[in-house]
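Okay, structure first, notes after.
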Amino acid sequence: CAVKAAHVLSEIAKNEEMKKPCIEADLVLTLIPLLESRDQEMLLHAGRAIGRICYDNHDLQEELVKVGVIPLLVRILTDHAESEPLVHVALLALYNLADLDTAKEALSKTKVAEQLVRQLRRAENHERLEIVFEVLQALAENDALKVQLVEAGVPEVLSEILLRLQGSSQAEDTCIVKAASDLIVSLLLGGCKTQCKSLSLDLIKTQKQRLLEFSACIIHFYHCVSYLLSPTCWVLPLSSDGNCLRMVQLGVIHQLLDLLEKHVQSGDTSVQHAALSALQNLAIPVVSKVQMLEEGVAERIEGLLKSESPPVQFKLLGTLRMLADGQADAAEVLGQDPMLLNRLVQWCDTSDHTGVCGEANRLLASILHHNRSQEVVRAIQEAQGVKHLVSMTSSEHAAMQNEALNALAVASAIDLETLEESFKESQLVQSLHKLLQDDNTSPEVKYNSMGLLCRLLNSGDLRQEIEEDRIKETLEQLCSHSNANVVKEAVTTLQVLRGET
């Protein structure tokens, strides 16, 4: 009578009001041993009864895991993989338990990954695929299981599913494509254990092109690449620089740019933003800057500046700034592009989008700071960009003030004569004096202001302005400043002003 009794209980447990009496009668613990049966009908009814009684009951679910239900469920999947009803019952049970940490730990000691791959390959309907995806998504949150899923071939099966559904316009297929891409990204991201470290780059390498073939996957892939390249990312068997260089070598950059150009035209800003975040992170390490510049990435990014979307403009400018950082060749190329410089100067004036305005100023400063060419200084002067850098010295952000001061100091060392008139018109000397007098000015800004003053003293007209503005008295006061570097620079600047050095 056991099979019939289990069947009755599975029907009774459909009723929400009957769950409590079943629990109070300890029926769950009575049913568990029945899952060891070889009788498929017994397994079916016992599994359904247990699942219905324990549904949405956290304490009971924890108890199930504790008494060893996980290995029994995996065994059902293993021994009865061809039985649709039993597979469905086992998958539903795993779906309900998979969020529990104890269940994940128990599953990590089984060969559940192999069985889930097996079910993915034989799934013939969307409903079955969806429930397997749900289970896999929960398991992918666990480091040990993540490794097992990859080693069992989950990414390859997902790739096959994506390929099979390529080009389908049916809503159900689109949902499956999105779920599959989400799952691949879940396998790429997160975790911190040693055994997971090499997975992400390998998955990027094998799944990159497949992901990029599907519009539903693109934004997930971009966010994934951006995450992998961020300085705080855990997935680095190499250094962060080495990780970025491998990404460049895999050809990710040009595929990002190809699709970015496509989506700039279509106006999909969410995809653009994600792709640009990835590109910006790629442009940070010196090793990848060099290769990106050699491959003409800067020119391609410049071509995208026609976008009218401020968030896209902001990210593009930031990426170009990263490429110019520390790279004299890049600064020289960018600094002699009249179209780019004119666009930058226009954006430096905009008040509608402060982010774009600030990033345009920062890029202008970066080009001037990292270049070593008189032609670049003259090009920026002709584009009327110098006045914006002088205004930038009064920014509310100390970082931007220092960037402007350093850029102007470098430019003054290269060709002060070309800049002299612009400095006088924009009242640079007076701006520097205010920075030195203001008690709220940071020590570093004061220090860099005096460094620029020393450069300006090489011009007769600017020296005269400095003397007339009585900066000498301010410098003498700074000789007793609390910051040692400020004191040292004040003494040096006074010596230059007096002609002692």
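If we scan segment 392-414, do we find a residue that is open to solvent by less than 30 Å² (accessible area, probe 1.4 Å), more than 39 Å from the chain's Cα centre (by Cα) and farther than 19 Å from H370 by Cα?
no
Of all the helices (runs of 4 or more DSSP H) wholly in segment 434-494, which have at least 1 residues that are among the small types (G, A, S) and open to solvent by 80 Å² or more (accessible area, probe 1.4 Å)? If you could, list the steps in order and put the result at the bottom.
Details: elements: 443-456, 460-468, 471-478.
Where helices (runs of 4 or more DSSP H) fall fully within segment 434-494, none carries at least 1 residues being among the small types (G, A, S) and open to solvent by 80 Å² or more (accessible area, probe 1.4 Å).
Taking L428, is it crowded, with 21+ Cβ neighbours inside 10 Å and either closer than 24 Å to G385 by Cβ or touching a Leu at 6+ places or on another chain (Cβ under 8 Å) (or both)? Reasoning before the result, please.
Details: crowded, with 21+ Cβ neighbours inside 10 Å: yes; either closer than 24 Å to G385 by Cβ or touching a Leu at 6+ places or on another chain (Cβ under 8 Å) (or both): yes.
The answer is yes for L428.
From (1) part of a helix (DSSP H, G or I); (2) touching a helix residue (DSSP H, G or I) at 6+ places or on another chain (Cβ under 7 Å), pick out the condition that doesn't hold for G326.
Checking G326 against (1) part of a helix (DSSP H, G or I); (2) touching a helix residue (DSSP H, G or I) at 6+ places or on another chain (Cβ under 7 Å), the one that fails is (1).
Go through segment 69-84 and give me each residue that's open to solvent by less than 60 Å² (accessible area, probe 1.4 Å) and under 22 Å from N125 (Cβ atoms).
Result: L73, I76, L77, T78, H80, A81, S83.
So, of the residues in segment 338-365 that are of a type in the set (D, E) and open to solvent by 40 Å² or more (accessible area, probe 1.4 Å), which turns out to be modelled with the lowest pLDDT?
The first filter runs over segment 338-365 and keeps only residues of a type in the set (D, E), leaving 349, 352, 359.
From what is left, the residues that are open to solvent by 40 Å² or more (accessible area, probe 1.4 Å) are 349, 352.
Details: D349: 82, D352: 78.
Out of the qualifying residues, it is D352.
Please go through segment 1-19 and give me each residue that is buried (at least 19 other Cβ atoms within 10 Å of the Cβ) and part of a helix (DSSP H, G or I), ordered by number. Let's see the steps before the verdict.
Just the residues of segment 1-19 that are buried (at least 19 other Cβ atoms within 10 Å of the Cβ), to begin with: 6, 9-10, 13, 19.
Within segment 1-19, A6, L9, S10, K19 meet the criteria.
Does segment 148-164 hold any residues that are open to solvent by 20 Å² or more (accessible area, probe 1.4 Å), hydrophobic (A, V, I, L, M, F, W, C) and either in contact with a His (Cβ under 9 Å, 6 or more places away or on another chain) or modelled with pLDDT of 80 or more (or both), and which are they?
Of all residues in segment 148-164, those open to solvent by 20 Å² or more (accessible area, probe 1.4 Å) come to 148, 150-152, 156, 160, 163-164.
Filter once more, keeping what is hydrophobic (A, V, I, L, M, F, W, C): 150, 152, 163.
Once the filter is applied, which keeps residues that are open to solvent by 20 Å² or more (accessible area, probe 1.4 Å), hydrophobic (A, V, I, L, M, F, W, C) and either in contact with a His (Cβ under 9 Å, 6 or more places away or on another chain) or modelled with pLDDT of 80 or more (or both), segment 148-164 yields V150, A152.
Filter segment 20-34 down to the residues that are under 20 Å from N57 (Cα atoms), assigned to a helix (DSSP H, G or I) and either over 49 Å from the mean Cα position of the chain (by Cα) or touching a residue at least 12 places away in the same chain (Cβ under 8 Å) (or both) and list them by number.
Within segment 20-34, P21, C22, I23, E24, L27, V28, L29, T30, L31, I32 meet the criteria.
Please go through segment 384-423 and give me each residue that is of a type in the set (G, A, S), farther than 12 Å from L452 by Cβ and assigned to a helix (DSSP H, G or I), ordered by number.
Hits for segment 384-423 are S391, A398, A399, S422.
Take E124 and tell me if it is open to solvent by 50 Å² or more (accessible area, probe 1.4 Å), without any contact (Cβ under 8 Å) to a residue 12 or more places away in the chain and closer than 20 Å to L44 by Cα. Talk me through it step by step, then tell me what you get.
Details: open to solvent by 50 Å² or more (accessible area, probe 1.4 Å): yes; without any contact (Cβ under 8 Å) to a residue 12 or more places away in the chain: yes; closer than 20 Å to L44 by Cα: no.
Answer is no for this residue.
Any idea which of (1) at pLDDT 95 or above; (2) closer than 26 Å to E489 by Cβ is the one R378 doesn't satisfy?
The single condition R378 does not satisfy is (2).
Would you mind finding the one in K104, K66 that is buried (at least 17 other Cβ atoms within 10 Å of the Cβ), modelled with pLDDT of 90 or more and touching a helix residue (DSSP H, G or I) at 6+ places or on another chain (Cβ under 8 Å)?
Numbers: K66 fails: buried (at least 17 other Cβ atoms within 10 Å of the Cβ).
So the residue among K104, K66 that is buried (at least 17 other Cβ atoms within 10 Å of the Cβ), modelled with pLDDT of 90 or more and touching a helix residue (DSSP H, G or I) at 6+ places or on another chain (Cβ under 8 Å) is K104.
Residues in segment 165-186: is at least one open to solvent by less than 20 Å² (accessible area, probe 1.4 Å), assigned to a helix (DSSP H, G or I), closer than 26 Å to L64 by Cα and modelled with pLDDT of 80 or more?
The answer is no; no qualifying residue exists.
The values are calculated or read from the model by the stated rules, or taken from the named source; none is laboratory data. Computed from a predicted model, the values in this text were never measured in an experiment. Every residue, glycine as well, gets a Cβ built from its backbone with ideal geometry; the counts of neighbours run over all protein chains shown. Please note that ligands, DNA and RNA were not included when accessible areas were found on the heavy atoms of the full protein model with its side chains. Shrake-Rupley method; radii C 1.70, N 1.55, O 1.52, S 1.80 Å.
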